[in-house]
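Chemist: What follows is a single structure, and I will ask about it in a moment.
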Amino acid sequence: MTNEREASDKWMPTCHNKTDIDPHGVVLNDVRFSSPSQAGAFATGHASNGWAQWKTKEGNPIDQFRTHGD
């Protein structure tokens with residue numbers, strides 16, 4: 001996530017000590033995540049398949065960039 005994005009208020013109590021979030025849920029500092037799904041869960045407040053839900057500007061899931069050990 002980049003600066004000044006809104007985070008789900010469901011996650012604010014758990015991450016509040018690790019990052020700066022204003023009273024309106026705006027993330028004030030960059031936050032690093034170990035996976036797209038973790039970033040999606042932070043943003044939405046619930047479990048997320050980030051590989052399918054995060055999209056490119058063309059609307060394609062970012063899963064297309066992952067190697068699938070075929």
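The values are calculated or read from the model by the stated rules, or taken from the named source; none is laboratory data. Predicted model only: the values in this text are computed from it and were never measured. Glycine also receives a Cβ, built like all others from the backbone with ideal geometry; neighbour counts cover every protein chain displayed.
Chemist: Every residue in segment 24-45 that is surrounded by 10 or more Cβ atoms within 10 Å (Cβ to Cβ), more than 9 Å from the chain's Cα centre (by Cα) and not β-branched (Val, Ile, Thr), please.
Modeler: GLY25, LEU28, ASN29, ASP30, GLY45
Chemist: Right, something else. What is the number of the single condition among (1) surrounded by 14 or more Cβ atoms within 10 Å (Cβ to Cβ); (2) in a loop (DSSP other than H, G, I, E, B); (3) modelled with pLDDT of 90 or more that TRP51 does not meet?
Modeler: The number of the failed condition is (2).
Residues are listed down the side, and each one gets a yes or a no for (1) modelled with pLDDT under 80; (2) at negative phi:
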site: ASP20; (1), (2): yes, yes
site: HIS24; (1), (2): no, yes
site: ASP30; (1), (2): no, yes
site: GLN38; (1), (2): no, yes
site: ALA41; (1), (2): no, yes
site: GLY69; (1), (2): yes, no
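Chemist: Of all residues in segment 21-57, which are among the aromatic types (Phe, Trp, Tyr) and in contact with a Cys (Cβ under 8 Å, 6 or more places away or on another chain)?
Modeler: Within segment 21-57, just PHE42 meets the criteria.
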